[in-house]
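Novice: Quick one: structure below, then a few questions.
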Amino acid sequence: MRLRRLVARNLRRLRKEGGLSQEELADRAGLNRNYIGMIEREENSPTVDALEQISNALGIDPVTLLQDR
């Protein structure tokens, strides 16, 4: 599986499990809502910095975004 797809799938799942909209997650992470949507749709690859911001906002270890479940 491509890493971009894996991150997108995990991000979407974890965001929904946390009961967050894309806008809420983006606000917590200090990112643009459109950027979160683009990551989830596999239109954009997140930077390492963005992965850190997203994982902090979700309260998870960044590695969780890269794990194949």
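The values are calculated or read from the model by the stated rules, or taken from the named source; none is laboratory data. Values in this document were obtained by computation on a predicted structure and should not be read as measured data. Using ideal geometry, Cβ is built from the backbone for each residue, glycine included, and neighbour counts are taken over all protein chains shown. Heavy atoms of the whole protein, side chains included, go into the accessibility calculation; ligands, DNA and RNA do not. Shrake-Rupley method; radii C 1.70, N 1.55, O 1.52, S 1.80 Å.
Novice: Checking Asn56 against (1) touching a residue at least 12 places away in the same chain (Cβ under 8 Å); (2) in contact with a Leu (Cβ under 7 Å, 6 or more places away or on another chain): exactly one of these is not met. Which one?
Specialist: Status for Asn56: all satisfied but (2).
Novice: Scan the range 42-58 for residues that are surrounded by 16 or more Cβ atoms within 10 Å (Cβ to Cβ) and not aliphatic (A, V, I, L, M) and report the count.
Specialist: So the answer is 4.
Novice: Select, from Leu25, Leu31, the only residue that is without any contact (Cβ under 8 Å) to a residue 40 or more places away in the chain, of a type outside the set (Lys, Arg), outside any helix (DSSP H, G or I) and open to solvent by less than 70 Å² (accessible area, probe 1.4 Å).
Specialist: That would be Leu31, the only listed residue that is without any contact (Cβ under 8 Å) to a residue 40 or more places away in the chain, of a type outside the set (Lys, Arg), outside any helix (DSSP H, G or I) and open to solvent by less than 70 Å² (accessible area, probe 1.4 Å).
Novice: Let me ask something else. Quick one: in the range 3-12, of everything that is free of Cβ contacts under 8 Å to residues at least 40 places away in the same chain and open to solvent by 20 Å² or more (accessible area, probe 1.4 Å), which residue is nearest to the chain's Cα centre (by Cα)?
Specialist: Among them, the one singled out is Arg12.
Novice: Do the conditions hold for Arg33, that is, is it more than 18 Å from Gly59 (Cβ to Cβ) and more than 9 Å from the chain's Cα centre (by Cα)?
Specialist: It is true that Arg33 is more than 18 Å from Gly59 (Cβ to Cβ) and more than 9 Å from the chain's Cα centre (by Cα).
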